[in-house]
Amino acid sequence: MSDYKQRIEAEYESIDKSLATLPKIELHRLSELELAGVAAILHNFYNGIENILKQFFLSQSVELPAGPSWHRDLLQAALSQKLLPESLVEQLKRFLAFRHFFIHAYALELSPERFLPLVNDVDQIFKDFKSCIDYKILEYNL
């Protein structure tokens with residue numbers, strides 16, 4: 001198994017562990033501290049997605065985006081390199097926007113309504129993402 005594939009598998013495992021800790025109750029019942037924890041898990045999920053994209057691109061000698069918009073450009077590169085379909089990139093852009101908000105907001109500004117759709121969708125999005133990446137790993141014999 002290549003180093004890149006091992007790193008991707010390690011990211012998968014970390015994301016799975018993080019998502020398994022998401023509360024199974026209604027978010028409006030959580031304390032502010034618990035909501036901040038849910039937001040941190042969503043943030044970690046998206047960071048893991050970016051790490052996987054970077055590992056895949058490095059394995060293919062694709063230059064990684066740089067500069068102030070590199071996060072957005074990384075998703076665009078995944079689309080232009082046909083690594084991810086447009087529909088999935090659009091879904092991931094919602095997590096990118098939340099990541100930006102989370103980094104620049106105060107924990108007390110977090111409201112369940114802001115990220116409930118992300119919590120509801122994260123498992124399916126991760127499943128779809130893994131399917132795309134795993135297909136490409138096989139295709140490129142990583």
Original post:
Any idea what the dipole of the chain comes to, in debye rounded to 20, about its Cα centre with Lys/Arg Cβ at +1 and Asp/Glu Cβ at -1?
Top reply: 100 debye
**OP:** Using +1 at the Cβ of each Lys and Arg and -1 at the Cβ of each Asp and Glu in the stretch 1-113, identify which of Leu74, Ala107, Leu27 lies farthest towards the dipole's positive end.
**Re:** Leu74
Original post:
Tell me, what is the FRET efficiency for Arg94 and Lys17 to the nearest 0.05, using R0 = 22 angstrom and their Cβ-Cβ distance as r?
Top reply: 0.50
Subject >> Helix-only CD estimate at 222 nm, as mean residue ellipticity for the chain, using -39500 (n - 2.57) per DSSP H run (n ≥ 4) >> reply: -25500 deg cm²/dmol
Original post:
Angle, helix 3-20 long axis vs. longest principal axis of the chain, Cα atoms, 0 to 90°, nearest 10?
Top reply: 20 degrees
Subject >> Cα radius of gyration and Dmax for the stretch 3-139 (Å) >> reply: 15.2, 47
Original post:
Are there GluC sites (Glu not before Pro) in the stretch 7-38 that DSSP marks as loop and that have at most 13 other Cβ atoms within 10 Å, and which are they?
Top reply: Glu26
Subject >> Length-normalised contact order of the stretch 27-114 in % [C-alpha pairs under 8 Å, at least 6 apart] >> reply: 44 percent
Original post:
Across the chain, where is the longest run that never hits trypsin sites (Lys or Arg not before Pro) in a DSSP loop with at most 16 other C-beta atoms within 10 Å?
Top reply: 83-142
Subject >> Net +/- balance of residues flanking Ser87 in space, Cβ distance below 13 Å, scoring K and R +1, D and E -1 >> reply: -2
Original post:
Which of the GluC sites (Glu not before Pro) found in the stretch 56-142 are in a DSSP loop and have at most 15 neighbouring Cβ atoms, other than their own, within 10 Å?
Top reply: Glu63
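No lab work stands behind these numbers, since they all come straight from the coordinates. Fair warning: this is a prediction, and the values are worked out from it, not measured in the lab. As a convention, Cβ positions derive from the backbone with ideal geometry for all residues, glycine included, and neighbour counts pool all protein chains shown.
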